[in-house]
1. So how tilted is helix 145-159 from the main axis of the chain? Cα-based, degrees 0 to 90, rounded to 10.
2. Does anyone have the angle between helix 194-225 and the longest principal axis of the chain? Alpha-carbon axes, 0 to 90°, nearest 10?
3. Name the longest site-free stretch of the chain, where the excluded sites are GluC sites (Glu not before Pro) in a DSSP loop with no more than 13 other beta-carbon atoms within 10 Å.
4. Take the alpha carbon gyration tensor of segment 111-226, find the square roots of its eigenvalues, order them as a ≥ b ≥ c, and report rounded if a/c is under 1.5; if not, report prolate when a/b exceeds b/c, else oblate.
5. Give me the net charge of Arg314's neighbourhood, meaning all other residues with Cβ under 13 Å from the Cβ of Arg314; Lys, Arg count +1, Asp, Glu -1.
6. Among Ala341, Ala385, Ala146, which one moves the most in a GNM of the chain with springs linking Cα atoms closer than 10 Å?
7. Angle between the Cα long axis of helix 274-295 and the longest principal axis of the chain, 0 to 90 degrees, nearest 10?
8. DSSP loop (so not H, G, I, E, B), at most 15 other Cβ within 10 Å: list which trypsin sites (Lys or Arg not before Pro) in segment 245-307 pass both filters.
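What follows is calculated from the coordinates using simple rules that are stated; it is not laboratory data. The structure displayed is predicted, hence computed values, not measured ones. Heads up, the Cβs are rebuilt from the backbone with ideal geometry, glycines too, and the neighbour counts pull from every protein chain shown.
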Amino acid sequence: MHVTHLSLTNFRNYGRLELPIPTGPILLHGHNAQGKTNLLEAIYYLATTRSPHTTQDSELINWSASQSQEPVIVGRLVAQVTTAAGERHLEMRLIQEQQGTVNGQSSFRREALVNRRKVRLMDLLGNLRVVMFLPEDMGLITGSPANRRRYIDITLCQIDPIYCQTLSQYNKVLEQRNALLRRLAEGLGGRDVLPIYDEKLVNLGSQLFARRTRFFSELAREAQRIHYEVLTGGRESIRVNYLPRLRGDLSNRQGDSEALTRLYDWLQQHQEDMAKITADYAQALAAARPTELARGSTTVGPHRDDWVVEVNGRDLSSFGSRGQQRSALLALKMAEIQWMANRTGETPILLLDEVVAELDEQRRELLLHYVEQATQALLTATDPAMFTNDFLQQATMLQVKNGRVLTGVNS
Ligand SMILES: Nc1ncnc2c1ncn2[C@@H]1O[C@H](COP(=O)(O)OP(=O)(O)OP(=O)(O)O)[C@@H](O)[C@H]1O
Ligand SMILES: [Mg+2]
């Protein structure tokens, strides 16, 4: 799959951009703060409906446009995509409306279109699939569980629409259930509706547990293979472990992760047996009820999941060296590409932001080898000299300068 054309209007520092994009590797180069990362972000946003950075979506609209006096300001991202299933025209609109000139308040909303027809935001997903490499990806290993859950959701949503829909329903039920638990904790309201929420939560949550289990089994297998065979020459093996919160009395702390891993093993054995997962989850929820009533929040369920990478049986975030963490991360990302290709029959588009600079020569060559095999890959760098001659000969060079894209190295 690949993008053949990208149009941006009032997106970040791009006022107006019309960019035909070739296949193969593309190197976006240029000085700092010119718009290289913003270009990758635009493609990522069309694929996932999210920014890779935790910015507010309204921040994506070009600042000078959003400060104008116009009653409606629209940022637009449009991509023409070629896939094995045919051509697609994808569009995302970021709409800011001034509500009253007196207090300067404005509202923000988004619209998604596929082949020029309005669709739910969720239905944009799956039309364009990407794997992104960012310098801050290290946060997946060393950062918070919320980071890692976000990674699972964004990755799975790109290829599994049912997962995405279930997740959104689960989050709604969770919110309602938490509101009820808070009221009960304050001594307000009756308990009679709680079982209704419990049943919904358990049915939706069990689907998420099962789909995440399948995802991790497949991803872990690829990551393990790549890490062992390709990255460490048979010296080190990694394990990617899903830690499902299928019990309320366990936390993500070190001591409990063994018990959580056992729950993952159990889920792997029973991932096809939804009745069994549902029964187990319902039991765990019942056991957690006194705690949940006291705390006024839901303690069992996929919204509290986590995952870890282990090297030689130890948690990489606490015991790995920086180099080991970097290798594991690279294995994980390469596995993600392979996993998507296996599941969909097409290589996703690769987006690599400044990551090549961080790698040693051997890992750099391995990564560039992957990049060269992709149907389309966009890379950014301030200095093209860090790339191999071989790579530079294959790549299309595009210079990014103050919100414009120029072809050729010296233009
Ligand atoms: N909503 C916005 N409107 C206008 N400009 C923006 C907006 N959001 C970000 N910018 C600006 O866009 C510029 C380019 O950002 P970008 O991150 O793409 O640069 P870059 O070329 O990747 O630079 P670097 O090499 O430093 O990574 C930055 O100066 C940033 O302040
Ligand atoms: Mg950048």
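1. Approximately 70 degrees, to the nearest ten.
2. The angle comes out near 50 degrees.
3. Numbers: sites that count: Glu186, Glu272.
Longest run free of exposed loop sites: 1-185.
4. Details: a/c = 2.13, a/b = 1.51, b/c = 1.41.
It comes out prolate by the Cα gyration axes.
5. Details: positive: Arg239; negative: Glu236, Glu258, Glu310, Asp315.
Here the count lands on -3.
6. Fluctuation is largest for Ala385.
7. The angle comes out at about 80 degrees.
8. Counting only loop positions with at most 15 other Cβ atoms within 10 Å, the trypsin sites (Lys or Arg not before Pro) in segment 245-307 are Arg253.
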